[in-house]
Amino acid sequence: RGLTEHRRLTFRGGRTGEPRFVGDRLVYLEDCADRRASLRTVGLAGGADRRLAELLGGGTLAVSSDGRTAVVSQKLLHRQFYLRDDLHRVDLASGRLEQLTFGARATEPDLSPDGQRIVAVRRTGGGRNELAWMPSRGGTLETLYVPAEGCTVSRPRWSPDGTRIAFSEHRGSGRDIRVLDLATGAVTDVTRDRAIDLEPAFDPSGRYLLFASDRTG
């Protein structure tokens, strides 16, 4: 149907991002220089923009399919000297923040459709990273997928049926969209070219992936 004109929903300035749908609203992160970072919500028609929880800093965001829980990554001081990304669970009704990982270097979380597991990107040192997952109530992050030497992964997103995870992988001169089958461990290329393909997300049917790309120049 052609291009859709955008409509501005937030007017607070600073860094806003990570929007996720919750019913007729969006939940998003705000990180500004003159106030504490926060998890906020705004109506899809605009207006009624309010804070859900105060955060320790900006990061990345996932929201459960029932709209009751969020998982955010934040940079925290770890063992006095290290700044590490860790995952936190947020109760969207009360704003209560609970730390799930400690010094894990975990970011870019996404919650499974049944709300039972979190997938995230974990940095493993030496410029490398991997996909890892853990129970959503807390526990140990376990390795799920390790890219080849010289490759890195980003932005994992669950399929609506919870059987696959899409992600972007940097390989050679471009970034490609790939899909991991959780039952078999097989990884399938959705794109493989010189374009920079980012931010994959399944449509509600699970048949299609939306993603950002510079392929048109």
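The values are calculated or read from the model by the stated rules, or taken from the named source; none is laboratory data. As the structure is a prediction and not an experimental result, all values here were calculated from the model. Note that each Cβ is placed from the backbone with ideal geometry, even for glycine, and that neighbours are counted across all protein chains shown. Calculation scope for accessible area: heavy atoms of the full protein, side chains included, ligands and nucleic acids excluded. Shrake-Rupley method; radii C 1.70, N 1.55, O 1.52, S 1.80 Å.
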(1) at pLDDT 85 or above; (2) at positive phi all hold for V22 apart from (2)
Those strands (runs of 3 or more DSSP E) completely within the stretch 88-160 that have 1 or more residues that are touching a strand residue (DSSP E or B) at 6+ places or on another chain (Cβ under 8 Å), farther than 23 Å from L56 by Cβ and hydroxyl-bearing (S, T, Y) are 117-125, 142-145, 152-158
From the list A195, A166, which residue is open to solvent by less than 50 Å² (accessible area, probe 1.4 Å) and under 20 Å from P113 (Cβ atoms)?
A166
Cross-chain or 6+ apart pairs with Cβ under 8 Å, the stretch 197-217 first and among the basic types (K, R), then open to solvent by 40 Å² or more (accessible area, probe 1.4 Å):
R215/D193
Given the condition β-branched (V, I, T) and at pLDDT 95 or above, answer yes or no: does some residue in the stretch 125-141 qualify?
no
Residue list for the stretch 136-164, filter: more than 25 Å from G126 (Cα to Cα) and in contact with a Lys or Arg (Cβ under 7 Å, 6 or more places away or on another chain)
S136
Residue hits (the stretch 161-173; at pLDDT 95 or above and either farther than 17 Å from S213 by Cα or outside any strand (DSSP E or B) (or both)) are D161, G162, T163, R164, I165
Contact list please: Cβ distance under 9 Å, first residue in the stretch 80-102 and over 21 Å from R122 (Cβ atoms) and free of Cβ contacts under 8 Å to residues at least 12 places away in the same chain, second residue open to solvent by less than 80 Å² (accessible area, probe 1.4 Å) and not in a loop (DSSP other than H, G, I, E, B), pairs at least six apart or on different chains.
S94/A53
Selection within the stretch 105-148 - small (G, A, S) and either without any contact (Cβ under 8 Å) to a residue 12 or more places away in the chain or open to solvent by 20 Å² or more (accessible area, probe 1.4 Å) (or both):
G115, G125, G126, G127, G138, G139, A148
For the stretch 199-217, how many residues meet the condition of being within 18 Å of Y145 (Cα to Cα) and either open to solvent by 50 Å² or more (accessible area, probe 1.4 Å) or touching a helix residue (DSSP H, G or I) at 6+ places or on another chain (Cβ under 6 Å) (or both)?
1
Note down all Cβ pairs under 6 Å where the first residue falls in the stretch 172-189 and is farther than 18 Å from R207 by Cβ and among the aliphatic types (A, V, I, L, M), the second is open to solvent by less than 50 Å² (accessible area, probe 1.4 Å) and modelled with pLDDT of 95 or more, and they're at least six residues apart or on different chains.
V187/R178; V187/L180
